[in-house]
Amino acid sequence: MRRRTRRLIVPAVVAAVVVSIGGDASAAGSGSPDGTFGTGGFTVTDFGSPDFPMLAHGNAVAVDANGGSVVLGVMAPSTPGAPSYELAVVRYLPKGTLDHDFGMGGGASVVLDGSATAGGIAIDSQGRIVVDAFSSGQGAVIRLLPDGSRDPTFGTNGLVFFSAPGHTSLEVRALVLGANDRPVVVGDAVDPADGDGDAMLARFNTDGTADVTFGTGGFAFLSRDGRSLGLFVGARGGRTNIDAAGWITKDGGSPRAAVFRFGRDGSPDGTFSQDGVATYRLERTSTVEPTGIAVRRSDGEVYVASWNTGQTWTVGLAAFSGTGAPDPGFGGGDGERVYDPTDFGDVPMDLARASDGSLVISGGVAEGLSMLMRVTSIGEPDVSFGTDGVALNASPGGSLAAVTFDAKGRIVGVGSVDSDILIGRFRA
């Protein structure tokens, strides 16, 4: 495989004019854009130049202790034909301006062989930036130093490429850092023996080598056509559990949305729904696709955001206790809640849990509006947030693919608008 890294084409920052629908941008209410960030709460980063425009969008975001944000996205030349995406890592200062001391002009890029698909991003205890991705059936973990250069102590000059042992068609979905800053990657791969997809976890040491104490040679798989889409590491009772959300098919049935829980050694956690897998459907006749997952560290309770893949797009949430049982205190008593907060047709993309237990969902709607939605810890729309729990922004619009919080509890969302990277900060 040809592997090369180059600096990012210097991005230009485009000012964003903000008009808030479902939350007055001029008011200081929860869910409104934070006017101290960027322009009116947003920064739109346009890559390339007028003579060489590029497509770009943000996939994941991490916030450091000082309030700066690091975004993982992809970019490609805006030329006819199928684009070949490369990874883009972009750093913003706490006020939303590009950190020009990072990489080249605020960003660095990694080119894989073939079109890259971005996974997740995290900042370790030493301020290093860790991301994952996949391309041409191989996964990649990359670690950058705080200045955006590649970390020579990780893998081969900052890069680790891997395949799923005994599997093909590897896809990498997300990344978190476990104990001692060890990267944990979640994804799925196909078992050639039966042609079915298996949920996959891989854990690496801090030097980039596979952690052989985890699973088999650093890899763990869950059969029965499991597909994992999100990841969170939560500590509970002195143990470290790894939770993922995705799909699973049991005993030849139809695919069901599912939560997987693995123990710290990579084996399914039998204390969670007896076999480490809890399934749900929300609307009983629909196919549900999980889009985000959050875990409460104190007791291991799991929350999952989902959307209905049918014609009626709605936001769905499911909550499970630390043992994998539906949470009777959430939603209608069955641990589930389906919302249709507007008539636009809402698509949730990510989920984050605040320190007060509330849940924030990010996404976009059919009319091109970025969306934030907040519900209480029991699943009720938070009427103090936006309008009846929903904040929509018409300008710059776009969508928010990922959401997190900064040290002050403010909401940070990242995504794309008009083929440019969009980042915004919102009042909690």
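The values are calculated or read from the model by the stated rules, or taken from the named source; none is laboratory data. Predicted model only: the values in this text are computed from it and were never measured. Note that each Cβ is placed from the backbone with ideal geometry, even for glycine, and that neighbours are counted across all protein chains shown. These area figures cover heavy atoms from the full protein model, side chains too; ligands, DNA and RNA do not enter into them. Shrake-Rupley method; radii C 1.70, N 1.55, O 1.52, S 1.80 Å.
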Requiring at least 1 residues that are modelled with pLDDT of 95 or more, the strands (runs of 3 or more DSSP E) wholly within segment 332-428 are 346-353, 359-365, 370-375, 399-405, 411-417, 420-426
The condition from (1) assigned to a loop (DSSP other than H, G, I, E, B); (2) at pLDDT 95 or above; (3) open to solvent by 10 Å² or more (accessible area, probe 1.4 Å) that Gln274 misses is numbered (2)
Output for Cβ contacts, cut-off 9 Å, separation at least six or different chains, first residue over 26 Å from Asp188 (Cα atoms) in segment 146-165, second of a type in the set (Val, Ile, Thr) and not in a strand (DSSP E or B), reads Thr153/Thr206
Those residues of segment 43-87 that are over 15 Å from Ser419 (Cα atoms) and of a type in the set (Phe, Trp, Tyr) come to a total of 0
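Going through segment 196-238 one residue at a time, which ones are charged (D, E, K, R) and modelled with pLDDT of 95 or more? Outline the logic, then answer.
Initial filter on segment 196-238 (charged (D, E, K, R)): 196, 198, 203, 207, 211, 224-225, 227, 236.
Residues satisfying the conditions are Arg203, Asp207, Asp211.
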Within segment 364-401, the residues that are out of contact with any Gly (no Cβ under 7 Å at 6 or more places or on another chain) and either on the phi > 0 side of the Ramachandran plot or open to solvent by 10 Å² or more (accessible area, probe 1.4 Å) (or both) are Glu367, Thr376, Glu380, Ser384, Asp388, Gly389, Ala394, Ser395, Pro396
Among residues of segment 69-93 being closer than 19 Å to Asp406 by Cβ and hydrophobic (A, V, I, L, M, F, W, C), the residue most open to solvent (accessible area, probe 1.4 Å) is Leu93
Flagged pairs (Cβ under 7 angstrom, 6 or more apart or on separate chains; first in segment 111-135, within 18 Å of Ala164 (Cβ to Cβ); second part of a loop (DSSP other than H, G, I, E, B) and acidic (Asp, Glu)) are Ser135/Asp113
Q) Are any of the residues in segment 282-296 under 20 Å from the mean Cα position of the chain (by Cα), surrounded by fewer than 21 Cβ atoms within 10 Å (Cβ to Cβ), assigned to a loop (DSSP other than H, G, I, E, B) and at pLDDT 95 or above? A) no
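Could you tell me whether Gly22 is buried (at least 18 other Cβ atoms within 10 Å of the Cβ) and at pLDDT 95 or above? Break it down stepwise before answering.
On the way: buried (at least 18 other Cβ atoms within 10 Å of the Cβ): yes; at pLDDT 95 or above: no.
Here the answer is no, as Gly22 does not meet what is asked.
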The condition of being hydrophobic (A, V, I, L, M, F, W, C), touching a strand residue (DSSP E or B) at 6+ places or on another chain (Cβ under 8 Å) and surrounded by fewer than 24 Cβ atoms within 10 Å (Cβ to Cβ) holds, among Leu112, Leu159, only for Leu159
Going through (1) free of Cβ contacts under 8 Å to residues at least 12 places away in the same chain; (2) touching a Leu at 6+ places or on another chain (Cβ under 7 Å) one by one, Val383 fails only at (2)
